[in-house]
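The structure appears right after this line, and notes come after that.
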Amino acid sequence: MSPRQTVTMVLTSVAATGLVAGAIGVPLGVPLHHLVLPGMGRSTGTEIPAADIDVHGPGILVLLALGGVVIAVAGALLPAGWAARTGTARALRTE
């Protein structure tokens with residue numbers, strides 16, 4: 001397997017994981033945001049207006065989900081390069 005194929009394989013598997021994480025994390029994060037932010041305001045004795053809580057439009061949510069993919073791929077670039085330069089047996093032993 002060529003080094004380019006190794007890097008592509010590692011980054012593809014990590015990108016898939018990042019996409020799944022974003023697809024799960026964003027739908028869970030929005031209701032959590034709507035629960036936590038008013039609670040934080042109440043704990044300080046203030047009321048946060050609804051306009052300040054409802055700030056996530058559909059476009060922003062898509063970008064947040066894709067941000068999970070970008071972060072996952074960026075974090076895997078160095079290990080993927082190392083795996084491409086290392087022999088197969090050594091890479092598998094350290095995995």
Looking only at the range 39-76, count how many residues are open to solvent by 80 Å² or more (accessible area, probe 1.4 Å), part of a helix (DSSP H, G or I) and within 19 Å of Gly22 (Cα to Cα). 8
Scanning the range 46-95 residue by residue, those over 18 Å from Thr6 (Cα atoms) and in contact with a Lys or Arg (Cβ under 8 Å, 6 or more places away or on another chain) turn out to be none
With the checklist (1) touching a residue at least 40 places away in the same chain (Cβ under 8 Å); (2) surrounded by fewer than 16 Cβ atoms within 10 Å (Cβ to Cβ); (3) within 12 Å of Gly68 (Cβ to Cβ) in hand, flag the one item Gly22 doesn't pass. (2)
Looking at (1) open to solvent by 70 Å² or more (accessible area, probe 1.4 Å); (2) of a type outside the set (Lys, Arg); (3) part of a helix (DSSP H, G or I), which one does Met1 not meet, given that it meets all the others? (3)
I'd like the residue in the range 29-38 that is under 22 Å from the mean Cα position of the chain (by Cα) and either over 20 Å from Leu63 (Cβ atoms) or polar (S, T, N, Q) (or both) and, out of all such residues, is most open to solvent (accessible area, probe 1.4 Å). Leu35
Residue within the range 24-42 that is farther than 24 Å from Arg85 by Cβ and basic (Lys, Arg) present: yes
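The values are calculated or read from the model by the stated rules, or taken from the named source; none is laboratory data. Source: prediction; values computed, not measured. Counting neighbours? That spans all protein chains shown, and the Cβs are built from the backbone with ideal geometry, glycine included. Please note that ligands, DNA and RNA were not included when accessible areas were found on the heavy atoms of the full protein model with its side chains. Shrake-Rupley method; radii C 1.70, N 1.55, O 1.52, S 1.80 Å.
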